[in-house]
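To keep things clear, I will list the structure first and then write my remarks on it.
The values are calculated or read from the model by the stated rules, or taken from the named source; none is laboratory data. Owing to the predicted nature of the structure, the values given are computational and were not obtained by experimental measurement. Neighbour counts are summed over all protein chains in view; Cβ atoms, including those assigned to glycine, are modelled from backbone coordinates with ideal geometry. The area values use the complete protein model at the heavy-atom level, side chains included, leaving out ligands, DNA and RNA. Shrake-Rupley method; radii C 1.70, N 1.55, O 1.52, S 1.80 Å.
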Amino acid sequence: MTRQACPAPSRRAVLRGTGGFALGFLLAGRVGPAVASVSPFPAPDNAAAAAADGHPEFAPNAFIRIDRTGPVRLVMPNVEMGQGIYTSEAALIAEELDLDLDQVTLEHAPPNNELYATALLGEQATGGSTSSRANWLLLRQAGAVARAMLVGAAAQKWTVDAATLSVERGVVHHAASGRSAAYGELAEAAAQQPVPTKVTLKSPKDFRLLGKPLRRLDTPQKVDGAMPFGIDIRVPGMMTACVVACPTNGGRVASVDDAAARAIPGVKDVIRLDDGVAVTGEHFWAAKSGADALRIVWDRGPNADFSTAVLFSQLEQTSRTGKPIVARQVGDLNQPGKTIEAIYQLPMLAHAPMEPLNAVVHVRPDACEIWVGTQVPVRVQNIAAKVTGLPTDKVIVHNQYLGGGFGRRLEEDSVGQAVRVAKAVDYPVKLIWTREQDIQHDIPRPAYYDHIAAIVNTDGMPVAWTDRVTGASVLRRWAPQAVRADGFDPDTTEGADEPPYDLPNLQAEWVPFEMPKGLPIGWWRGVGPTHNLFKVESFIDELAHAAGKDPVVYRRALLQKNPRVLALLDLVADKSAWDSPRPTRVGRGIALGSVFGSHVCVMVEIEVSPEREVHLRRSVAAIDCGFVINPNTVEAQIQGGLIFGWTGALYSQLTYEQGAVQQNNFNDYRMMRINETPPIEVHIVKSSADVGGIGEVGTAIAAPALGNAVFSATGIRVRKLPILAALEAA
Amino acid sequence: MITVTVNSRDHVVDVPEDMPLLWVLRDVIGLTGTKFGCGIAQCGACTVHVDGQAVRSCVLPVGSLSGHRITTVEAVGETAAGKRIQDAWLDIEVVQCGYCQSGQIMSASALLAHVPDPSDADIDAAMAGNICRCGTYVRIRQAIKQAATGQTVAMQTIANTAPPMAAGASKSTQ
């Protein structure tokens, strides 16, 4: 086993230097030719990483494993949950390493913040559309370092100048002598080469992979059932578990009669937890049947009276009387003109990834082994250590492909529950949540109550702009160290505090709101911008209407100092034939935004029936996400992100009555289906700007475009989501 | 003891008659390509073929299946329609997270076997029972059309002249 020594300083120190968690902060990454100083790349020098890396001949850094024979193994710092990041990150490394994608295999990273933290998040986590932004340069450097060492090894072996060598498909060639050697043959010698402190990255004109439509590396196994997700893992001696959780968050088991459950064939054990009761069985059906047969008396706990009606009345009161924290204030708000104002309200939302939450856990006296698909491997390791009392290095986490994440798998609650069950028995347990449990025990997107106002001049253009967001902070629980010193949570106003328009006099502020204890709220695809863009872009539409102007014309006037976004607006207006005549009951809505380091504009055309059913007819999107790593994925993420956002906007609200969620499953928590989906044209603007995020942009821009289309079709302004409920009430 | 015929093989299973086929496939026979999504036939992730018809295995009691032929996603590629659908799925890059795609492919294969050249309305009717949370519907529609007509659908980002990657060309490890 040969391994490079770990160069100092450690990457942890570098991460601290970035300021940790910073949603929306864009890593300075240039597309153009660059001689890049190499970030310190730690080699895998601790026990967990060594166990995972398979002892390669050459491991120049945490991401690349080159064995004597076989494909090059790439360790993925982020997790694959549908967004295509495994293909993009593999391409970033392979590009600089002069490999093709059919020459690599991919491995899930073990939990290790030092090696695999996402710099923009300050920890090993996948979310906030940060992966490509954070790793775009880092992974290219990692590939370039490995290439330099492999080429250096060949040069030394053949006693020639490294500059005279070329590489094609992982084979180093010396043209003058006709000699060549594959990476595998050079691996052992490469490990003895000095690690370069500077490498030259390729010029974009020389890219063979980046910017081309790449086929995803995970697709073949996902069309024949071969790809294992977390829920598919089977280990010897394993039992399946189902948990009946207290319907009210914070409630407790008062008593349980498990006689009927134990009598069911295949049921193995009944395990009483604090806040629920678990049944294990030979298969899911036995465990589920056992769980259904439990007779549990609950102590419903402190949230037994919580309801959505109470929540919104408290939000409304907090908005009026609470103490705001200013996010951003520019110019002078004291301007002459007419005030236009509106209240926008957004509901709590469930994530509902298609793969129900699950984890396979084996607690042994000396170790805990976990198989799970998670966005936060280190948090999973930590919760298991906490529950079992084992040191973290005795918790082995095997991450898996995720059947959707959307923020739900940024939480480790279900894994902690699985460890509590597994700790009570001497066999491995696979805990599977039912869909009902998933909906009712989500860590939901919080509700918001926003008061937005503008002073408009005689032309109807805004001369002052105020936006007061009221809602609970996810960040204060999830990453309290990232909250500003004055308590401000930047996520609450992201997408609201710097609209792309010319608004020289602006104040955006947040009034903190506390959810009842025991009712945690969480990240939902699109995070702050998904809530804020709905309000900002709906309100801009309101102002356009009040001014008697076309929504595109009105926006165009406000974008004269922002050519990058103006170009998108013009492109969408053109490609969507915005000005063409509309049949009756047909409406068109447009919305735009600059979020996650990207810029987007979307038009959607709808028809609203006399019964107020909303039918989406067609959509046209334009995206400028800087340099495009894989256009195939950009198109897919915009289409899918829009559908995710429209689903939420049209149908979704998680409501509580007497402390319990009222929705159960896809029958009453509705999802958009293929027959409801319009054709979606995606125009990707060529750009050499910094790489932007793409996984959440479509979701964030979906609701305002649709709300504006509803207004265009019906004259009804939706200020409270979801749209179907609003239309019913109107 | 119940005998079920899955992918042309007989399996004798010792399970209750009311146990849904889904859990027999996944937890007893060990075919995990068929997925659990809702348990109430609302999402289609568990779709399999029984005698060539697409059905939701999460609500189908295994006791009712003696003498019937069950096909799962692991073997649907052995049928002409299933192979065409899988090839089109690869060519058009339908998949995102992939969890629902077993069910999508089973529904689409059954559609194509019964309606060789489906209209948009046929696609809506056959596929509306399959939820995709990633929102791959636009490409699903394109892939079904390509599988039906054999004509490559003009994609904006993928050069359709490029051959699809062979299955298994790049495997990810556990």
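Brief remarks on what is shown
- Every listed requirement among (1) in a loop (DSSP other than H, G, I, E, B); (2) open to solvent by less than 30 Å² (accessible area, probe 1.4 Å); (3) away from chain A (no Cβ under 14 Å) is met by B:Gly67 save one, (2).
- Scanning the stretch A:374-415 for residues that are open to solvent by less than 10 Å² (accessible area, probe 1.4 Å), over 28 Å from B:Cys132 (Cβ atoms) and outside any helix (DSSP H, G or I) turns up just one, A:Val395.
- So B:Thr5, is it closer than 12 Å to B:Thr71 by Cβ and polar (S, T, N, Q): yes
- Number of positions in the stretch A:259-303 that are more than 14 Å from chain B (Cβ to nearest Cβ), within 22 Å of B:Val59 (Cβ to Cβ) and open to solvent by 30 Å² or more (accessible area, probe 1.4 Å): 0
Matching residues to (1) without any contact (Cβ under 8 Å) to a residue 12 or more places away in the chain; (2) more than 10 Å from chain A (Cβ to nearest Cβ); (3) open to solvent by less than 50 Å² (accessible area, probe 1.4 Å); (4) of a type outside the set (A, V, I, L, M, F, W, C):
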residue: B:Glu74; (1), (2), (3), (4): no, no, no, yes
residue: B:Ala81; (1), (2), (3), (4): no, yes, yes, no
residue: B:Ile85; (1), (2), (3), (4): no, no, yes, no
residue: B:Leu90; (1), (2), (3), (4): no, no, yes, no
residue: B:Gln101; (1), (2), (3), (4): no, no, yes, yes
residue: B:Leu111; (1), (2), (3), (4): no, yes, yes, no
residue: B:Pro116; (1), (2), (3), (4): no, yes, no, yes
residue: B:Ala121; (1), (2), (3), (4): yes, no, no, no
residue: B:Ala126; (1), (2), (3), (4): no, no, yes, no
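- Of note, A:Ala144 satisfies the criterion of being open to solvent by less than 30 Å² (accessible area, probe 1.4 Å), among the aliphatic types (A, V, I, L, M) and in contact (Cβ under 8 Å) with a residue 24 or more places away in the chain.
- Going through (1) buried (at least 24 other Cβ atoms within 10 Å of the Cβ); (2) away from chain B (no Cβ under 14 Å); (3) part of a helix (DSSP H, G or I) one by one, A:Ala649 falls short only on (2).
- Members of the stretch A:80-126 that are among the β-branched types (Val, Ile, Thr) and over 19 Å from A:Gly143 (Cα atoms): A:Thr126
- Pairing residues of the stretch A:178-202 that are at pLDDT 95 or above and open to solvent by 30 Å² or more (accessible area, probe 1.4 Å) with residues that are among the β-branched types (Val, Ile, Thr) and in a strand (DSSP E or B), at Cβ distances under 7 Å and at least 6 apart in sequence or on separate chains, gives A:Ser180/A:Val171; A:Ser180/A:Val172; A:Ala182/A:Val171.
- Restricted to the stretch A:357-373, and to residues there that are crowded, with 24+ Cβ neighbours inside 10 Å and in a loop (DSSP other than H, G, I, E, B), the residue that is nearest to the other protein chains (Cβ to nearest Cβ) is A:Gly373.
- Among the residues of the stretch A:554-584, the one identified as surrounded by fewer than 13 Cβ atoms within 10 Å (Cβ to Cβ) and part of a helix (DSSP H, G or I) is A:Pro563.
- Selection from the stretch A:84-109 of residues that are within 12 Å of chain B (Cβ to nearest Cβ), touching a Lys or Arg at 6+ places or on another chain (Cβ under 7 Å) and assigned to a helix (DSSP H, G or I): A:Thr87, A:Gln103
To keep it simple, each residue is scored yes or no on (1) touching a Pro at 6+ places or on another chain (Cβ under 6 Å); (2) part of a helix (DSSP H, G or I); (3) in contact (Cβ under 8 Å) with a residue 12 or more places away in the chain.
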| position | (1), (2), (3) |
| --- | --- |
| A:Gln417 | no, yes, yes |
| A:Arg420 | no, yes, yes |
| A:Lys430 | no, no, yes |
| A:Ile439 | no, yes, yes |
| A:Asp459 | no, no, yes |
| A:Val463 | no, no, yes |
| A:Ala485 | no, no, no |
| A:Asp497 | no, no, yes |
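- Subset of the stretch A:245-258 (residues that are open to solvent by 40 Å² or more (accessible area, probe 1.4 Å) and among the β-branched types (Val, Ile, Thr)): A:Val256
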